[in-house]
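One structure below.
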Amino acid sequence: MQFFSRSTGASISTLGAVLVLCGTFLPTYGSGDYEPAGFRNAPVFLLALLVAPALLVLVSSVFAWFRPLPRWLVVLCLVIVILAFVLHLLGSRLGAVFACFDVCPPGGVHFGTGFWLPLVGFPLSAIGLAVVAAAEKRRSLPGPPAASL
């Protein structure tokens, strides 16, 4: 049963990481997306903000399918995912503010897939990692004492 829970959590986490990577690398539309400008002007910042956390979660999720994850790795991944989620949200909102700083684009600022996919993918990754951690915790708990006859 622990393998089923662990593989389910790993699958959910992998799906979240793939959504983040798709939101980063697929074409995005909307003036609130900072990814296209990020690839031109600050690719290291964009890689550190979206790609590195998604790759860390992807690698740890694949590892979780085959072996139990160490607790420190789960905690590290959860902290990084939460920080990346908050920084992505703040960075996108800041980009929208700067898009309307002088003159707003016609029709206002629209958030495209580069904004929404990571906002869905990061929490999905965190949920998957939490399921993996819960499966590991259940595995490490001692069972009921054996009945003696």
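Of everything listed in (1) touching a Lys or Arg at 6+ places or on another chain (Cβ under 9 Å); (2) at pLDDT 85 or above, the single unmet condition for Leu83 is (1). Looking only at the stretch 54-76, decide whether some residue is farther than 19 Å from Ala17 by Cα and at pLDDT below 70. Within the stretch 54-76 (the criterion being farther than 19 Å from Ala17 by Cα and at pLDDT below 70), the answer is no, since none of the residues qualifies. Of the set (1) exposed (fewer than 12 other Cβ atoms within 10 Å of the Cβ); (2) in a helix (DSSP H, G or I); (3) at pLDDT below 80; (4) aliphatic (A, V, I, L, M), all apply to Leu90 but (3).
The values are calculated or read from the model by the stated rules, or taken from the named source; none is laboratory data. Keep in mind that what you see is a predicted model, and the values were worked out from it rather than measured. Cβ coordinates were reconstructed from backbone atoms using ideal geometry, including for glycine residues, and neighbour counts include every protein chain displayed.
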